[in-house]
Structure formats: structure tokens, C-alpha cells
1. Name, by its number, the condition in (1) farther than 24 Å from His46 by Cα; (2) free of Cβ contacts under 8 Å to residues at least 24 places away in the same chain that does not hold for Gln88.
2. With the structure loaded, tell me whether Arg139 is in a helix (DSSP H, G or I) and within 20 Å of Arg34 (Cβ to Cβ) or whether it fails that test.
3. Among the residues of the range 121-136, what is the count of those that are surrounded by 14 or more Cβ atoms within 10 Å (Cβ to Cβ), touching a Ser or Thr at 6+ places or on another chain (Cβ under 8 Å) and part of a strand (DSSP E or B)?
4. Asn58 - would you say it is under 27 Å from Ala142 (Cα atoms), in contact with a strand residue (DSSP E or B) (Cβ under 7 Å, 6 or more places away or on another chain), of a type outside the set (Val, Ile, Thr) and modelled with pLDDT of 65 or more?
5. Does the range 81-99 hold any residues that are farther than 13 Å from Val39 by Cα and part of a loop (DSSP other than H, G, I, E, B), and which are they?
6. Looking for whichever is touching a His at 6+ places or on another chain (Cβ under 6 Å) and either surrounded by 19 or more Cβ atoms within 10 Å (Cβ to Cβ) or under 14 Å from Val39 (Cα atoms) (or both) here; the options are Val78, Val104. Which one fits?
7. Tell me the residue from Gly67, Gly100 that is in contact with a strand residue (DSSP E or B) (Cβ under 6 Å, 6 or more places away or on another chain) and among the small types (Gly, Ala, Ser), please.
8. Checking the structure you have, find out if any residue of the range 100-116 is in a loop (DSSP other than H, G, I, E, B), in contact (Cβ under 8 Å) with a residue 12 or more places away in the chain and of a type in the set (Phe, Trp, Tyr).
Amino acid sequence: MMYLRIPLIIALAIGSTACQSATKESESSTTLARVLHNVKTTAYTHSEGDHLKHGASNAIGSTLKYGNVRSAAADWSVYPVGTKFKIQGESSVYVVDDYGSALVGTHTIDLYKPSKASMNSWGARKVNIDVIEWGSYTRSLAILKPRAKSGKGIIRRMVSSIQQSLGTKGALAESE
């Protein structure tokens, strides 16, 4: 059995990543980073046509961030609200605090940029990201479920997918 422990210890020592359980969510999430390779990223800005009605607000009701901590949008059934990550080679931390209709059903992350010029400069890129902390599927559901009743189908798709991941399929229909 000793021969199995040595590679594990070496792997942990050189920064091997931890996997978060895909079953019942632990609200504490994982504290170890997980590297995700070749993640498709795009960029958006608050002055973009389809974001004008929201202004500089994100889906959780606060202001979009751009500084040491930056806002990102994603499908919350893939990257739940509150997920924190860094793009390898950059110093800023991104936090998933927004979602967008074009992101649902994809593994794409949309990075907030403060201007159209910086949005266009980013374009679409595949990057490696270090997940610092996984967000909360439970919190994602709490935000999305009230919106699913009168909202767009994309919100219902995220809710359904999160419920399936958490093993609570059908909870939306039961709560209506």
C-alpha cells in the first residue's frame, strides 16, 4: 500500500488539483484550486446593446466589478454564483456574479470589461483557469428560482440542470 501513497503525496506536493464532488453540494466548497484547461472565454461590457437594460448591474444586484476582483458571467449550472478563479498568467481574481442567455448550455465564461474597446480587444480566447473556490449551487437556485417562474427559458434550464446535479429534480414544479 505504501507505493500508492507516495505518488499521491508527490502529486499533492506539486500542485495537483482537487475535484469538487458533483453530487450533493457542500456549502464550504473546496479550498484547493482546480485547474481547468482550454476554457473558452469571451468578453462583455455594460454598454453593449443586450446589456443596456441592466446597466452596470450584475445578476446578483450589485455593480459589475473591474479591478483586482472582476465580474464574470457563466451558466450557473456549470460555474455556480460565487465561483472565484484566476486566469493563468494574470493577477486579477474573477468572481461569477452574472449570467447570460448565450452562455447557458455552454462551458464559456464571459469576462466583464469596462469598455467596448477592451471587450473587443479580448475577443474570444481559450485559457487555463485556476478555480480558487467553487461557488454555491444552492445560492444559485435561491436567486434563479423566483426568476424562473416568469423569466426566460434559459433560467428554467439552469434551474433544472442545478436541481438534477443536487438531486432535487422536480423541486421547481413542486414549489409553484
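1. Single failed check for Gln88: (2).
2. On the way: in a helix (DSSP H, G or I): yes; within 20 Å of Arg34 (Cβ to Cβ): yes.
Against the criterion (in a helix (DSSP H, G or I) and within 20 Å of Arg34 (Cβ to Cβ)), Arg139 qualifies.
3. Selection size over the range 121-136: 3.
4. Numbers: under 27 Å from Ala142 (Cα atoms): yes; in contact with a strand residue (DSSP E or B) (Cβ under 7 Å, 6 or more places away or on another chain): yes; of a type outside the set (Val, Ile, Thr): yes; modelled with pLDDT of 65 or more: yes.
Here the answer is yes, as Asn58 does meet what is asked.
5. Within the range 81-99, the first condition is being farther than 13 Å from Val39 by Cα, and the residues that meet it are 81-84, 89-99.
Within the range 81-99, Val81, Gly82, Thr83, Gly89, Glu90, Ser91, Ser92, Tyr99 meet the criteria.
6. Details: Val104 fails: touching a His at 6+ places or on another chain (Cβ under 6 Å).
Unique residue meeting the criteria: Val78.
7. The conditions single out Gly100.
8. Of all residues in the range 100-116, those in a loop (DSSP other than H, G, I, E, B) come to 100, 104-108, 113-115.
Imposing the further condition that a residue be in contact (Cβ under 8 Å) with a residue 12 or more places away in the chain reduces the set to 100, 104-108, 113-115.
Okay, now just the ones that are also of a type in the set (Phe, Trp, Tyr), so none.
No: the range 100-116 contains no residue that is in a loop (DSSP other than H, G, I, E, B), in contact (Cβ under 8 Å) with a residue 12 or more places away in the chain and of a type in the set (Phe, Trp, Tyr).
The values are calculated or read from the model by the stated rules, or taken from the named source; none is laboratory data. Because the structure is a prediction, the values reported are computed rather than measured. Here the Cβ is made from the backbone with ideal geometry for all residues, glycine too, and neighbour counts use every protein chain on show.
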